[in-house]
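Working notes, structure below.
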Amino acid sequence: VRAVADAIAGAVHDGPAVAEGPEEGVPGKPGPVSPPVAEPTKPVGPLPPKADQSGPETVSPTGQPTGAEQARVAQSGAYLTTAQGTRVHDSDHSLKAGPRGPVLLQDHHLREKLMHFDHERIPERVVHARGSAAHGVFRSYGTAQGVTKAAFLGPDVETPVFVRFSTVLGSRGSADTVRDTRGFATKFYTEEGVFDLVGNNIPVFFIQDAIKFPDVIHAGKPHPDREIPQAQSAHDTFWDFVSLHTEATHHTLWNMSDRGIPRSYRMMEGFGVHTFRLVNAEGVTTLVKFHWKPKLGVHSLVWEEAQIIAGVDPDFHRRDLFDAIEAGAFPQWELGIQTFPDTDDQMFEGIDLLDSTKIVPEELAPVQPLGLLTLNKNPSNFFAEVEQVAFHTGHLVPGIDATDDPLLAGRNFSYLDTQISRLGGPNFPQLPINRTHAPVNDMQRDGMHQTAVHRGAAPYKPNSLDGGCPFFAGADAGAFIEVPVEVPAGRKVREAPASYSDHYSQARLFWLSMSPVEREHIIAAYTFELGKCYEQAVKERTLAVLANVDGELCAQVAAGLGLPVPDPSEPLADVSPSPALSQVGRTWPLDGRVIGIVTDGAGDLAGVADLREAVLDAGMVPLVVAPTGGVLGGGDSPVTVQRTFATARSVEFDALVFAGSPAAGADAYGARDAKAGHPRPVTTDPRVLALLIEAYRHGKALAGWGGARALFEAVGVSADDSGVVVADDSQGVRPVMELLAAHRVWERFPSGV
Ligand code: HDE
């Protein structure tokens, strides 16, 4: 084989691949031909697939390796081939009748290559199109055994998972940091089949009944005539809908809060939203709500930051997740449940558990931890895994069942349905990322994109021709048996229960639970979004909605819009705040936080190197910013530059440290005059000033030594301000790291951004 391969390689590399070049400039005589493109390296096999990314065995009729081996078969051998496995000797030129002649239809390689390319795209998800994902493992504590018989929730059981995070409204190529709800969908490959927990980072939804889903999404998506704005709720149709359809008020308030602009997927909570029904080995049922709690805490961007990032780095969240996992800083979440007795009315403390616009405050029902999720592996191929993964609320395992939440019922229909058009047929469970890790023996046959070669003559039941196989399982053999709950009898109606008409009490509860800075952000968000609307009636109607939530909120937004403050149309709800809803006031681990170290490239480089090490030791990411790229200094501690004044922007850092030349003052950060090759007498580089001013405005910790004081003063930042550390050397600025535990310097707000 090697000899044949070498011979072919020789023919390609060394032999005359194209006929002798015709003469130039002679009419009727062909001109010279371009030489074949040389390979840059010697032939080697493809990269091995990452471990454990394949599904169970499928059967090949010819005995070729399948299942776990399939990835290798899809891409093996050192030589380029057609899809039929025929080796290709040229993929750069079409087959032509002479170098300037017409292209020949017999060129199968050209035809196949273009045909495949023409069909590379599939429809993007109708919602949640923009997302990114990672593999991981869920380790159960075993604490849920009293309430569920789900095997993957037994003590110390480890289950492989795949988690996809997403925005909702934007297209596949839209920016990550737009104001929106985020999806948090988890596929557990359990031994009893796949369990999908298809949740969001916001615990409530805009609508109570799935029949309204097309309405809310049509309102939020770009206007159908001009297809703008992309990935935004700041437009007339969205606000038109949510001001008319007031059950959306609670979710909208969450979107306008800091929860609508997360700092990172790693720093988001997740919620199952609906109430689910767990059943234990004795058949006893419990109603529950699922929660994911991030180990790094729940943190957000500020709005101006989110807007800047959408231009500077639209892949900010995707990059953050990928980089953290590549660096070994594996993000973790604890899965927990709130539990409620499975009463006939399915109410808890006056809260309707079947109404997905309501939460149950954690102070009334604490979240009880069940296990730990760790994301530890990035996908190998974005399309095959992140695009082709198909979640479904109906993918349940024994011990976990649905409730009669009408929103959940609609979802249980919709997720299966959507895959038919998105993934092109009914066989999407056979795609590697969707394959269950449990044995499959269904009687589904044929269909588009069938990849299995099923055996047997009797894909029906009952049968005697295949020996009766496969057999039904009882509960003792791990069958999924729907919990036989009583269904309330009644007339067929298109109605909702009376409790569903409470649209404001929990919006008010959320508002009252916010700290002053979080309230300021909510007011600013409403003022921004409504300020982007053109229709006066839409703005006025939204103010009428806000009047029923809180007078101060309504008055402040009205002031920003220059509109009168309406009176509430109903009494304000008498509710108690839930302190657990606020993101401010606690401290969190520092892992993976990004600290920019800005140097003029010539100053205290030993100090920069020393600080870099200290940041790394603390589990954070130091990024050195200098006037130009390359390596600074030399000797024992050269410093590699990661960002230049041209590529750095404050928004990618959680804190900035300015390491100037001792006593050089503000001028230390000037740009170099490339022509002269030496620091020119500077006025301070405006890009450095922008770094500093933005970081200050966004409540980020700042520090500096050796002239930083003068630089800070040049932009009106005092060394005595909260969150500013000025010292004599790199050792002295280290306390800046501790400031990150609170995420931001909250004392700098309200700031007007
Ligand atoms: Fe979804 N939703 N949804 N949704 N949803 C989809 O399924 C739908 C709802 C959520 O990363 C679609 O495969 C209906 C609530 C996530 O692949 C679609 C209703 C919650 C994702 C669909 C809802 C979600 C989706 C589009 C109202 C939070 C991304 C593509 C009854 C609990 C999953 C797809 C991924 C995706 C329908 C409401 C979460 C069309 C009809 C509530 C995280 O089937």
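The values are calculated or read from the model by the stated rules, or taken from the named source; none is laboratory data. Note that the structure is a prediction, hence the values are computed from the model and not measured. Positions of Cβ are backbone-derived with ideal geometry, glycine not excepted, and every protein chain shown enters the neighbour counts.
Annotations
- The lone exception for Asn463 - which of (1) within 30 Å of Lys149 (Cα to Cα); (2) surrounded by 11 or more Cβ atoms within 10 Å (Cβ to Cβ) it fails: (1)
- Residue match in segment 195-202 (condition: touching a helix residue (DSSP H, G or I) at 6+ places or on another chain (Cβ under 6 Å) and more than 14 Å from the ligand (Cβ to nearest atom)): no
Residue-wise test of (1) in contact with a strand residue (DSSP E or B) (Cβ under 6 Å, 6 or more places away or on another chain); (2) touching a residue at least 24 places away in the same chain (Cβ under 8 Å); (3) of a type in the set (D, E, K, R); (4) farther than 25 Å from Gly723 by Cβ.
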position	(1), (2), (3), (4)
Ala573	no, yes, no, yes
Ser578	no, yes, no, yes
Val584	no, yes, no, no
Gly596	yes, yes, no, no
Ala602	no, yes, no, yes
Asp617	no, no, yes, no
Val625	yes, yes, no, no
Ser650	no, yes, no, no
Phe653	yes, yes, no, no
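- From the list Arg182, Arg266, the lone residue that is more than 21 Å from Gln506 (Cα to Cα), surrounded by 23 or more Cβ atoms within 10 Å (Cβ to Cβ) and touching a residue at least 12 places away in the same chain (Cβ under 8 Å) is Arg266.
- Enumeration of residues in segment 302-343 that are out of contact with any Lys or Arg (no Cβ under 6 Å at 6 or more places or on another chain) and of a type in the set (S, T, N, Q): Gln307, Thr339, Thr343
- Sole exception among (1) within 12 Å of the ligand (Cβ to nearest atom); (2) closer than 22 Å to Pro222 by Cα for Ser171, by number: (1)
- Whichever residue in segment 387-408 is more than 8 Å from the ligand (Cβ to nearest atom) and of a type in the set (A, V, I, L, M, F, W, C) and, among such residues, is nearest to the chain's Cα centre (by Cα): Leu396
- Test: residue in segment 330-347 that is surrounded by fewer than 16 Cβ atoms within 10 Å (Cβ to Cβ), assigned to a loop (DSSP other than H, G, I, E, B), within 16 Å of the ligand (Cβ to nearest atom) and at pLDDT 95 or above: no
- Matching residues, segment 246-274, being among the charged types (D, E, K, R) and away from the ligand (no atom under 16 Å from the Cβ): Asp258, Arg263, Arg266
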